[in-house]
Amino acid sequence: MKISLSRRQILQMSTSLLPVSTLAAPAAPKRILILGGTGFLGPAIVAAAQARGHTLTLFNRGKTRPGLFPDIEKRQGDRDPLKGEGIKSLETGEWDAVIDDSGYYPRMVGASAQLLAPRVKQYIYISSVSCYKEPSPINGDEDSPLAALADPAVEEMGKNFENYGGLKAACEAAAEAALPGRTAVVRPGFIVGPDDPSGRFTYWPARFDKGGEVAVPGAPTDPLQLIDVRDLAEWLVLLVENGTVGKFNALGPDKPMTWGRVVTACQKATATPSTITWVPGEFVAKQDGIDFPIWAPYLGDTKGFHTWQNRRAVQAGLRFRPVEQTAVDTLAWYRGQLKEEKGRTKMAFTPEQEAEILQRWKAAKAG
C-alpha cells in the first residue's frame, strides 16, 4: 500500500469547555515579549494578551504585515544573529515571559534564549507534534520518542520538509538548555481558524460554500485533531499568567473528534447546497499527486497522526470552542478577506485536483 504523504508533509501543506478568555482578569499585568507576532498565531496572541491587560513587545523583521499593531512597542531585527543587526535590539529590556512562535533552527533559538535568559522569567517555545519520531504512535503522549537530525548542523527544511521535525526537537532542546526549569514547550498540530493563510482547514468551509459535488477523503469515523488559533493564543497567555512550564501537546478537542463531524460542520457553515462523495482512504493513499488538506489516511504510517493525547494541556487549562463555531468564523473571515487581502490565503487543494480524484474514484468503482 502506498502512502503519498509523510506526517510532516501533511502539516506543512499545508463544546463542553469554555474558552480561557472567560476567566477572571489576572491579578497583575505581565510584560510579554513575542518573537514574531504578525503572521497567524502571533496576532491572535496579541489580541488575547491585550484583552487580559498585559504589556507587549514584538520582535521581528518588520516584513510581514508591518502595519499591524502601531501602538505596540517593536524591536526590529533578524532571528539569525549573523544577519544584519541580528538580535541586538533585544540586548536591553526585561520581561516576565517570552513567547517564541518564529523559531525554526536551533542555533537561532539558542541565541535568542541565551541572550534573554538573565532578563526573563519564562520562555514558551512553540514547537509542533512533528517533533516526534515517525511514524506517529497511536495515542502518543509527550514522552514519545523525538525525531533526530542526520546532520545536527543542518539549517534547511529539506525538499519534502524531512528535517522539520528534527529541527523542532532540536529547538526545544536549545531553549531548555538556556532556561532550564523555566521553559514551556508547546506542540500544536493543525492550527486553524480566522486569518489562517495556509488554506489547510479553510479549504473545507470555502469549498462547501461553492456548492456542488464535494470530494471528501477517508471515512466519517476517521479521527481528526486541530486547534482554533484563538484557543491556543488564549491558553498561551494563561501559561504566562500561571508561570507554567513543561511539555504539552496542544491540540483538540478535549474528547476524540471524528472527521465526519468536521466535514458536517464545514458543510453546515454555509447555506449553499452541496453533496458529499466519500473517497476511501485506502484508495486515496495509492494516488500520486492527490493530497487532501488537513486529513490524513487512518492507516499505515499515518494512522496515529490525529490521535495524540492532550491530557497535560487540558490539565494546564487548555479549552476548546466547538469546531462548528470555528468553521462558521473561518468562512466569515475568508469571505471578507477576499476583498481586503485578495490572494493571501493559499488553498492547499485545487479544483483540478478534486475533479481528478473524483474521476479516478468513479472509474475505479465502475470497474
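The C-beta contact set for segment 344-367 (first residue farther than 25 Å from F40 by Cα and of a type outside the set (S, T, N, Q), second residue at pLDDT below 95 and surrounded by fewer than 13 Cβ atoms within 10 Å (Cβ to Cβ), distance under 9 angstrom, 6+ apart or interchain) comprises E356/G289.
Filtering segment 257-277 down to residues that are outside any helix (DSSP H, G or I) and either modelled with pLDDT under 95 or in contact with a Gly (Cβ under 7 Å, 6 or more places away or on another chain) (or both), which residue is nearest to G212 (Cα to Cα)?
S274
Would you mind stating whether A296 is out of contact with any Gly (no Cβ under 6 Å at 6 or more places or on another chain) and not in a helix (DSSP H, G or I)? Judged against the criteria, A296 is a match.
Restricting attention to segment 308-367, the residues being of a type in the set (S, T, N, Q) and within 18 Å of V229 (Cα to Cα) number 6. Within segment 234-246, one or more residues are buried (at least 24 other Cβ atoms within 10 Å of the Cβ) and touching a Lys or Arg at 6+ places or on another chain (Cβ under 6 Å).
State whether the residues of segment 323-342 include one that is touching a Cys at 6+ places or on another chain (Cβ under 9 Å), among the hydroxyl-bearing types (S, T, Y), in a helix (DSSP H, G or I) and more than 17 Å from P223 (Cα to Cα). Within segment 323-342, one or more residues are touching a Cys at 6+ places or on another chain (Cβ under 9 Å), among the hydroxyl-bearing types (S, T, Y), in a helix (DSSP H, G or I) and more than 17 Å from P223 (Cα to Cα). For segment 34-68, residues that are closer than 18 Å to E234 by Cα and part of a loop (DSSP other than H, G, I, E, B) total 8. The strands (runs of 3 or more DSSP E) located wholly in segment 118-221 that include 2 or more residues which are of a type outside the set (K, R) and over 26 Å from I357 (Cβ atoms) occupy 120-126, 183-188.
Can you name the residue in segment 125-175 that is closer than 17 Å to T307 by Cβ and in contact with a Pro (Cβ under 6 Å, 6 or more places away or on another chain) and is also surrounded by the most Cβ atoms within 10 Å (Cβ to Cβ) among such residues? Of everything passing the filter in segment 125-175, S144 is surrounded by the most Cβ atoms within 10 Å (Cβ to Cβ). Among the candidates R311, R319, the residue that is over 29 Å from V279 (Cβ atoms) and more than 16 Å from the chain's Cα centre (by Cα) is uniquely R311. Please work out if V98 is within 22 Å of the chain's Cα centre (by Cα), in a helix (DSSP H, G or I) and either β-branched (V, I, T) or under 17 Å from L239 (Cβ atoms) (or both). It is false that V98 is within 22 Å of the chain's Cα centre (by Cα), in a helix (DSSP H, G or I) and either β-branched (V, I, T) or under 17 Å from L239 (Cβ atoms) (or both). Evaluating R187 against the criteria (1) surrounded by fewer than 23 Cβ atoms within 10 Å (Cβ to Cβ); (2) of a type in the set (K, R); (3) touching a strand residue (DSSP E or B) at 6+ places or on another chain (Cβ under 6 Å) leaves one unmet condition, (1).
Mind listing just one residue for me: the one in segment 319-367 that is small (G, A, S) and modelled with pLDDT under 85 and, of those, surrounded by the most Cβ atoms within 10 Å (Cβ to Cβ)?
A348
Residue pairs whose Cβ atoms lie under 8 Å apart, separated by 6 or more positions or on different chains, with the first residue in segment 309-320 and in a helix (DSSP H, G or I) and the second basic (K, R), are R312/K247. Look at segment 210-233: where a residue is closer than 14 Å to P280 by Cα and hydroxyl-bearing (S, T, Y) and a partner is surrounded by 15 or more Cβ atoms within 10 Å (Cβ to Cβ) and at pLDDT 95 or above, sitting 6+ places away or on another chain with Cβ atoms under 6 Å, you get T221/T258. Annotation: of all residues in segment 16-42 being of a type outside the set (A, V, I, L, M, F, W, C) and surrounded by fewer than 20 Cβ atoms within 10 Å (Cβ to Cβ), the one that is modelled with the highest pLDDT is R31. When restricted to residues that are surrounded by fewer than 15 Cβ atoms within 10 Å (Cβ to Cβ) and small (G, A, S), segment 253-297 contains 2.
The values are calculated or read from the model by the stated rules, or taken from the named source; none is laboratory data. As the structure is a computational prediction, the values presented were derived from the model and not from experiment. Counting neighbours? That spans all protein chains shown, and the Cβs are built from the backbone with ideal geometry, glycine included.
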